[in-house]
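The values are calculated or read from the model by the stated rules, or taken from the named source; none is laboratory data. If you're wondering where the values come from, they're calculated on a predicted model, not measured in any experiment. Neighbour counts are summed over all protein chains in view; Cβ atoms, including those assigned to glycine, are modelled from backbone coordinates with ideal geometry. These area figures cover heavy atoms from the full protein model, side chains too; ligands, DNA and RNA do not enter into them. Shrake-Rupley method; radii C 1.70, N 1.55, O 1.52, S 1.80 Å.
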Amino acid sequence: MQAVEINGFGAPEVLRLAERPRPVAGAGELLIRVSASGVNRPDVLQRTGNYPVPPGASDIPGLEVAGVIESGDADALAQAGLKIGDRVCALVAGGGYAEWCVAPVGQCLPVPKVLDDVAAASLPETFFTVWSNVFDRGRLQAGETLLVQGGTSGIGVTAIQIAKARGATVIATAGSDEKCAACKALGADHAINYRSQDFVAAVADITGGRGVDVILDMVAGGYVAREVDCLAEDGRLVIIAVQGGVKAEFNAGLVLRRRLTITGSTLRPRPVAFKAAIARSLKEHVWPLLESGAVKPVIHQVFAPTQAAEAHTLMESNRHVGKLVLKWS
Ligand SMILES: NC(=O)c1ccc[n+]([C@@H]2O[C@H](COP(=O)([O-])OP(=O)(O)OC[C@H]3O[C@@H](n4cnc5c(N)ncnc54)[C@H](OP(=O)(O)O)[C@@H]3O)[C@@H](O)[C@H]2O)c1
């Protein structure tokens, strides 16, 4: 089969189309004939040597795919209510940039009827991450306020839409006025250009000094102290990336006085059973929002697999709004 492989860590040009053996589904797994593969920032980190492949996972990059079930563990398929020929999208621990991909049955979801495979391939990585961090760890409730850092990232466009659809007030940050407008078009109640405004002052202004209940952070570093300042009583800060550095110094007194929670997680190395539980929650709570159109995939650009390097170059430029996808057929 054709696959995009990482030919030595480095610049986007190390991504190249190569011939690889077709993977074989084992117990509890299925084989997908892939028609589209989502591109995510963790793929860029893997390409540069900053995100090791978990033990047992494919060295081919790519954490999400959509396509048709070609074969698989018959019992597991039946238990999941799936059959050969069904269209699915899947979260995988690697191997997504390829014409065929193996996925645990529990990490597959049916493609919502209203979506094509390109749109479906853009869903799993950000939807699993946002559900797990904003709603499970962050416990965001209807009526509460969420601050999304990086509102136009793949993660951000997902978080804004699901949080709004579930009755939260959403404040998003982004690095330009155009990106702030995009956040608002997706449903954010407020958008802050963090390059021209101090987000701590802006959040205080928007919330009348109360602060926000949950923050989804992909920056960390110097942001943590400022985010602690932004949290309301019993607020929760959920860190999913450290683009701004791993070290932080913050006012621990505020953590006590406001009873704050600082937490975080990384999805890829978690066990299949954990990811399958997220899949069940998504199917119950979020898939109906996709079916109804209340939540929509946001695709910035679709690339041929031969253009994987261009997709990574665009992602590193931060010029995109939403997701980038590779289309195989
Ligand atoms: N923990 C997990 O399980 C997990 C899973 C998936 C992804 N992630 C992480 O989540 C992040 C987003 O992933 P993605 O695939 O959605 O990436 P992406 O689309 O490439 O987005 C990265 C975003 O970071 C924003 N950004 C950079 N510096 C910022 C700052 N100082 N303040 C606010 N925003 C800033 C950029 O927007 P501006 O142009 O507006 O700065 C850009 O939109 C990545 O760091 C990724 O590694 C974590």
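Below are the figures for this structure:
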| quantity | calculated |
| --- | --- |
| Whole-Hz couplings from phi, Karplus 6.51/-1.76/1.60, listed for the range 53-62; x for Gly and Pro | 6, x, x, x, 8, 5, 7, 5, x, x |
| Point-to-point label distance, E13-T266, nm (Cα→Cβ direction, 7 Å offset) | 2.9 nm |
| Theoretical gain in end-to-end length, A74 to S176 [0.36 nm per residue, Cα-Cα removed] | 31.7 nm |
| Which of C230, V246, T173, positive extreme of dipole for the range 127-264 (C-beta unit charges) | V246 |
| GNM flexibility winner over the chain from A225, A252, A163 (Cα, springs under 10 Å) | A252 |
| FRET E, pair A27, K247, Förster distance 45 Å, beta-carbon r, rounded to 0.05 | 0.60 |
| DSSP bridge orientation in the chain - percent antiparallel, rounded to nearest 5 | 55 percent |
| Size of electric dipole in the chain: Cβ of Lys, Arg +1 and of Asp, Glu -1, about Cα centre, debye, nearest 20 | 340 debye |
| Per residue value of the accessible surface for the chain (all protein chains in place, 1.4 Å probe), Å² | 41 Å² |
| Expected 222 nm ellipticity per residue - DSSP helices of 4 or more, -39500 (n - 2.57), all of the chain, to 500 | -8000 deg cm²/dmol |
| Rounded FRET efficiency, nearest 0.05, which uses the C-beta distance separating D198 from A304 and R0 of 30 Å | 0.10 |
| Neighbour net charge for G94 - beta-carbon separation under 9 angstrom, K R +1, D E -1 | 0 |
| Potential lengthening between E316 and A294 on full extension [0.36 nm per residue; Cα-Cα distance subtracted] | 5.0 nm |
| At least 15 Å along the helix axis (C-alpha) and Kyte average at least 1.0, DSSP helices within the chain | 154-165 |
| Length released on extending from D229 to Q2, taking residue separation times 0.36 nm less the Cα-Cα span | 76.8 nm |
